[in-house]
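So the structure is just underneath, and the comments pick up after that.
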Amino acid sequence: MNRPNSRLPHRIAVTGAAGLLVAVGAGTAPAAVASTTELSNSCTGTPTYALSASATASTNTRHVVAADVNGDGAQDVVAANLDDNSVTVLLGNGDGTFATGGTYAVGTHPYQTVVADFDGDGHPDLATADFGGAQVSVLLNTGDGTFGTATAIDVSGAPRALAAGDLDGDGRTDLVVAEQETSTVRVLLGNGDGTFDDEGETATGSQPHGIVVGDFDGDGSPDVATASVGSDGVSVLLGDGTGALGTATDLATTSRLYSLAEGDFDGNGTLDLATVSNGSDALDVLLGNGDGTFASATTYTTPALPVAVGAADLDGDGVTDLMVSSLKGASVTLFRGTTTGTLAQLAEVSATGAYDTAATDLDADGVVDLAVADSTAGQVDVFRGTC
């Protein structure tokens, strides 16, 4: 990893990968989660989903993540609003509905939000990748689910995605940022008090558009993977436990990748990767070997223009499943992970404007529900799960 001569502290209120469900991956910082979500799920069969509620966010809602941000035991949802330069925090009532959301200004064109405790106070904070502003915005939780004014961390051009994890093993949550314009990953090491040290950039494949953190080689230290919109492939960068990343290893996939998720999709105890191509209407799955290498990609057809992939155990079988949000297909396609490593379609949920999906139990019935970013209406649509 290329390190600057001096470490540059940044004052911020930040959060990492997805509070209770959107995700960062195994081996990451406490209180950080991401694409993969470990949820209490009483479902032991095939879940079904029906639209049950909608909550207003703002213009062009592109990303959603779930977490209990106010500590009341009910799951909340945070939505990133691309054209309003804001995030909306929807506080859950515990029955699948939300109180009126609070909206907070961030940088220009926030594409993704992560949730984690960056200042060590036990409350989830927020961070956004501001694609149009060459910055990461951080908002610290005041402790009751409201957030302070965003503070900006300058990064390289077009930060498209970010994820959280403890890359240097100090027990504090760090951030990694996918910088599309420079085809790099930037590491921001957390000091545990809401400040970060900029550890510089490492090259990835061309124009990274998705990023996750997980221990892909089984050495106990978090690694990083990115998905590239400008080249045909996923890049894997192994971490050394100090916050430094090794040279990227590129894995062949379908072209024009738009999103990336990690999880154990075959139930063998090692982490796998999944990515979607909005140029080929495809989902590619790369099964991990547990040593930092991956099997060749297996491709599955999706509805038109898939723009996001997320991971969670939807059917309670202990194997991670996948959720593909397709904008032109106006749907969320659910794929069941199996111990054979071959995905099976679980369901296809009609969802207008679907740009991202988060899975969590919003109504406290023990069955996972879906929160979908409806980019057309500028809202979050809730699909109640039954089993």
For Phe147, the residues 5 or more places away or on another chain with a placed amide H closer than 5 Å to its own amide H are Thr142
Shape call for region 312-387 from the C-alpha gyration tensor, a ≥ b ≥ c root eigenvalues: rounded (a/c under 1.5), prolate (a/b greater than b/c) or oblate?
-> oblate
Compare Ala252, Ala129, Ala330 in a GNM of the chain, Cα atoms joined below 10 Å, and give the one with the largest fluctuation.
-> Ala252
Once phi is turned into θ = phi - 60°, what whole-Hz ³J(HN,Hα) does the Karplus curve with 6.51, -1.76 and 1.60 give for every residue of region 312-318, x standing for Gly and Pro?
-> 5, 7, 7, 10, x, 9, x
Note: probe point = Cα of Ala364 + 7 Å toward Cβ; backbone nitrogen < 16 Å; residues of region 60-92 passing the test are 67-77, 91-92
Please report the relative contact order for the chain, taking Cα pairs under 8 Å with a sequence separation of at least 6, and give it as a percent rounded to a whole number.
-> 19 percent
If you average the sequence gap of Cα pairs under 8 Å that are 6 or more apart and divide by the length of region 142-252, what percent do you get for the contact order?
-> 20 percent
For Ala50 and Ala105, FRET efficiency with R0 = 35 Å and r from the beta-carbon atoms, rounded to 0.05?
-> 0.55
Cα shape, region 253-305, gyration tensor, a/c 1.5 rule | prolate
Only Lys, Arg, Asp and Glu count, each charged at its Cβ (+1, +1, -1, -1), so figure out the dipole size of the chain about its Cα centre, rounded to 20 debye.
-> 940 debye
Using a probe of 1.4 angstrom, how much of the accessible area of region 103-231 is carbon and sulfur, in percent?
-> 41 percent
In a Gaussian network model over the chain where Cα atoms closer than 10 Å are linked, find which of Asp166, Asp119, Asp193 has the largest mean-square fluctuation.
-> Asp193
Using only Cα atoms, locate the centre of region 354-387 and the centre of region 215-251, then give the distance between them in Å, rounded to an integer.
-> 30 Å
Spatial separation of Cα centroids for region 123-165 and region 56-81, in angstrom | 14 Å
Highest GNM mean-square fluctuation, the chain, Cα pairs closer than 10 Å: which of Thr128, Thr342, Thr173?
-> Thr342
Assuming a viscosity of 1.306 mPa s and a temperature of 10 °C, what translational diffusion coefficient in µm² per second does Stokes-Einstein assign to the chain, Rh being the Kirkwood radius over Cα pairs?
-> 81 µm²/s
With +1 on the Cβ of every Lys and Arg and -1 on the Cβ of every Asp and Glu, the dipole magnitude of region 76-142 about its Cα centre, in debye rounded to the nearest 20, is 140 debye
If exposed means trypsin sites (Lys or Arg not before Pro) lying in a DSSP loop and surrounded by at most 16 other beta carbons within 10 Å, then the longest stretch of the chain lacking such sites spans residues 8-327
Accessible area per residue of the chain at 1.4 Å probe, in Å²?
-> 32 Å²
Of Gly318, Ala371, Leu343, which is farthest on the positive side of the dipole of region 295-387, counting Cα position, with +1 on Lys and Arg Cβ, -1 on Asp and Glu Cβ, and the Cα centre as origin?
-> Leu343
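The values are calculated or read from the model by the stated rules, or taken from the named source; none is laboratory data. Source: prediction; values computed, not measured. Glycine gets a Cβ as well: all are built from the backbone with ideal geometry, and neighbour counts include every protein chain shown. Note: accessible area is taken over every heavy atom of the protein model, side chains too, but ligands, DNA and RNA are not part of it. Shrake-Rupley method; radii C 1.70, N 1.55, O 1.52, S 1.80 Å.
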